[in-house]
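Below is one structure, written out as structure tokens; the observations come after it.
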């Protein structure tokens with residue numbers, strides 16, 4: 001069993017309420033975390049891919065994640081609509097609120113992707129994130145970055161953006177500040193101490209955050225931004241390159257069911273968040289698998305630029321070639337060909353035979 005997975009079932013004296021939820025997890029949870037961490041180790045990190053490749057993947061995920069996360073909450077903007085909005089093209093057929101929410105989500109997630117190493121997870125950051133999330137939404141100006149002053153409920157939203165029922169009641173407004181402080185302090189302390197696997201700690205925080213529902217609006221979207229931040233800080237570095245939000249959107253009924261089943265047990269004598277952990281880890285596992293698959297032959301077109309793809313397709317066709325041969329037959333500039341060959345070497349798609357000008361490249 002991987003070292004991190006050994007932390008899953010450790011017992012500690014006088015565990016607090018948060019820890020009790022994850023002290024004894026079933027074997028299926030342990031197994032999923034072990035698989036996730038195995039795939040995490042196989043992911044080719046950013047240092048081995050060119051900045052151009054990473055930038056292209058990140059831009060695509062920003063659009064996909066923004067579209068998915070806002071649609072979960074009732075927006076009807078497609079990914080194509082999001083892309084147009086981010087390019088400054090106004091789309092008249094959608095409400096200002098939909099467009100304002102999308103812009104806030106895109107900009108905040110982009111900041112997380114670019115600056116996660118320097119961000120410190122704490123209450124001030126969460127409130128700042130909420131303010132940034134809603135900074136373009138005129139209707140929410142009065143409560144940006146402030147905990148709710150009135151009670152709210154979690155509603156299930158259908159594909160038409162309509163509420164189809166109440167999922168569960170949330171924390172009373174007067175208890176929200178203390179419950180948030182307790183949960184954030186526990187999360188900070190537990191992640192630092194490493195007593196439990198970080199995926200369990202993060203999953204525990206998320207289900208608690210959504211149960212409290214601390215803000216008047218934007219809680220679901222903010223929870224998904226925080227998911228990206230916490231997983232990046234825990235070492236799951238593929239977050240900007242495979243959309244977590246899209247996977248949640250694709251499994252929205254299961255998302256609601258897992259939340260409801262787990263949260264109705266919270267603050268009772270028999271708390272059990274296994275349903276939520278099971279769903280959350282399924283999403284992260286799928287994300288991990290897609291990250292590794294991204295680097296396979298069938299997905300290589302997602303990594304390479306159009307010109308690089310032409311080079312790769314030529315090598316696939318001839319099986320063995322040289323820099324000069326590729327340049328001549330593809331009509332692509334020699335520096336681009338050389339850069340592409342280096343990328344393909346790092347991706348273990350080709351091998352180099354010989355050195356210098358006589359070097360040849362053969363497909364693996």
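The values are calculated or read from the model by the stated rules, or taken from the named source; none is laboratory data. Predicted model only: the values in this text are computed from it and were never measured. With ideal geometry, Cβ positions are generated from the backbone for all residues, glycine too; neighbour counts draw on all protein chains shown.
Checked against (1) more than 16 Å from the chain's Cα centre (by Cα); (2) in contact (Cβ under 8 Å) with a residue 40 or more places away in the chain; (3) crowded, with 19+ Cβ neighbours inside 10 Å; (4) closer than 29 Å to residue 27 by Cβ, residue 209 passes all but a single condition, namely (2).
Quick one: how many residues across the stretch 350-364 are outside any loop (DSSP other than H, G, I, E, B) and on the phi > 0 side of the Ramachandran plot?
Quick first cut of the stretch 350-364, residues outside any loop (DSSP other than H, G, I, E, B) only: 350-353, 356-358, 360-363.
Adding the requirement that they be on the phi > 0 side of the Ramachandran plot leaves 356.
Total satisfying the criteria: 1.
Here's the yes/no breakdown for (1) more than 20 Å from residue 204 (Cβ to Cβ); (2) at pLDDT 90 or above:
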{"residue": "282", "(1), (2)": "no, yes"}
{"residue": "285", "(1), (2)": "no, yes"}
{"residue": "293", "(1), (2)": "yes, no"}
{"residue": "332", "(1), (2)": "yes, yes"}
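Take the conditions (1) assigned to a helix (DSSP H, G or I); (2) in contact (Cβ under 8 Å) with a residue 60 or more places away in the chain; residue 257 misses just one of them, which is (2). Residue count for the stretch 319-328 satisfying the condition of being in a helix (DSSP H, G or I) and surrounded by 14 or more Cβ atoms within 10 Å (Cβ to Cβ): 4.
For the stretch 73-82, the tally of residues that are in contact with a helix residue (DSSP H, G or I) (Cβ under 6 Å, 6 or more places away or on another chain) and crowded, with 19+ Cβ neighbours inside 10 Å stands at 3.
The residue that is modelled with the highest pLDDT, among those in the stretch 13-24 that are in contact with a helix residue (DSSP H, G or I) (Cβ under 7 Å, 6 or more places away or on another chain) and part of a loop (DSSP other than H, G, I, E, B), is 16.
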